[in-house]
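Everything below concerns the one structure shown next.
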Amino acid sequence: MSWATTSDNIRLYYEEAGSGTPIVFVHEFGGDWRSWEPQMRSFSRRHRCITFSARGFKPSDIPQDVKAYSQRQAVHDILSVMDAAKIERAHIVGLSMGGFATLHFGLVAPQRALSLTVAGAGYGAEKHTEEYFRNLSREVAKQFATLGSETFAKTYSLGASRVQYQNKDPRGWQEFAIQLGEHDSTGCANTMRGVQAERPSIYDLEADLKKMTVPTLIMVGDEDDHCLAPGIFMKKTIPTSGLIVMPKTGHTLNLEEPERFNRDLSEFIDTVEAGRWLARDPRALGSEIMKTS
């Protein structure tokens with residue numbers, strides 16, 4: 001068991017396996033350090049892999065004050081884990097809430113990132129649903145706080161972009177739902193209120209994303225409706241980005257389609273390490289349909 005301590009004295013639990021170029025996996029709201037097991041087993045064959053539980057997710061500390069939770073703090077928590085593990089630079093891989101943290105990592109600490117993989121990130125980013133998402137996040141927080149994780153997980157695990165996982169892999173989905181029910185209710189509620197409901201829209205980051213040069217892979221399921229448009233926006237905005245859309249796939253990408261996820265991530269990392277993941281050729285103008293002269 002390994003622990004990192006943050007600047008505000010919160011202990012974060014992490015595990016590692018393997019050796020080689022480091023990869024740090026950052027989990028979604030519905031997961032924890034266990035959510036990356038298919039990737040830890042695969043990539044630790046040739047990489048040093050780190051998985052950790054965010055603040056508010058056991059066995060990491062559960063701050064009782066909602067002010068201890070924020071999008072910026074989530075980035076600094078990744079840095080705290082890297083510092084504790086004595087990792088200077090790593091490939092950062094995040095899903096959903098972890099995908100947002102990964103994206104912000106590239107803006108806050110690009111010198112510490114070998115690459116960024118931003119998977120399933122986009123909920124609440126669309127400007128026309130922004131206020132609705134913030135209010136919905138606060139309502140979800142209320143349900144976790146009132147009903148408890150074990151009870152509310154039965155509802156949360158059956159969201160419109162989760163049922164794809166249930167249909168494809170009932171056994172894997174059941175494990176996901178059980179683990180969600182084991183989460184700390186206060187940690188879930190505070191994360192929803194402090195991180196999810198308050199984070200800036202991806203669209204508001206446009207000016208900074210245009211200047212970001214870290215190699216970036218964007219991954220989204222084609223049935224993860226509220227992540228599709230933000231995924232395309234990030235592809236068009238980040239000059240060093242590529243976009244993968246997985247067919248007939250929902251939100252829980254790395255567990256729902258582990259073989260495809262691992263294959264695409266492996267190819268991306270190999271290309272980055274070969275120095276061949278380049279910025280978009282300026283001749284590839286998005287406004288041009290056909291060349292006439």
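The values are calculated or read from the model by the stated rules, or taken from the named source; none is laboratory data. These figures come from a predicted structure and were not determined experimentally. Cβ coordinates were reconstructed from backbone atoms using ideal geometry, including for glycine residues, and neighbour counts include every protein chain displayed.
Tabulated results
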read-out	value
Listing of helices (runs of 4 or more DSSP H) fully contained in segment 53-154 that carry 1 or more residues being in contact with an Asp or Glu (Cβ under 8 Å, 6 or more places away or on another chain), closer than 25 Å to Gln179 by Cβ and of a type outside the set (Phe, Trp, Tyr)	71-84, 97-108
Test: residue in segment 198-207 that is part of a helix (DSSP H, G or I), modelled with pLDDT of 95 or more and within 17 Å of Ala279 (Cα to Cα)	yes
Count of residues meeting criterion [of a type in the set (Val, Ile, Thr), buried (at least 16 other Cβ atoms within 10 Å of the Cβ) and over 13 Å from Leu103 (Cα atoms)] in segment 209-239	1
Total residues in segment 11-50, condition assigned to a strand (DSSP E or B), more than 13 Å from His91 (Cβ to Cβ) and not basic (Lys, Arg)	6
Residue pairs meeting the criteria (Cβ under 8 Å; at least 6 apart or on separate chains; first closer than 11 Å to Ala189 by Cβ, in segment 141-163; second among the aliphatic types (A, V, I, L, M) and in a loop (DSSP other than H, G, I, E, B))	Ala141/Ala197
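A quick yes/no check of all residues on (1) of a type in the set (A, V, I, L, M, F, W, C); (2) surrounded by fewer than 24 Cβ atoms within 10 Å (Cβ to Cβ); (3) out of contact with any His (no Cβ under 7 Å at 6 or more places or on another chain); (4) free of Cβ contacts under 8 Å to residues at least 24 places away in the same chain:
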site: Ser2; (1), (2), (3), (4): no, yes, yes, no
site: Thr5; (1), (2), (3), (4): no, yes, yes, no
site: Arg11; (1), (2), (3), (4): no, yes, yes, no
site: Glu15; (1), (2), (3), (4): no, yes, yes, no
site: Ser19; (1), (2), (3), (4): no, yes, yes, no
site: Gly31; (1), (2), (3), (4): no, no, yes, no
site: Glu37; (1), (2), (3), (4): no, yes, yes, yes
site: Arg46; (1), (2), (3), (4): no, yes, yes, no
site: Arg55; (1), (2), (3), (4): no, no, yes, no
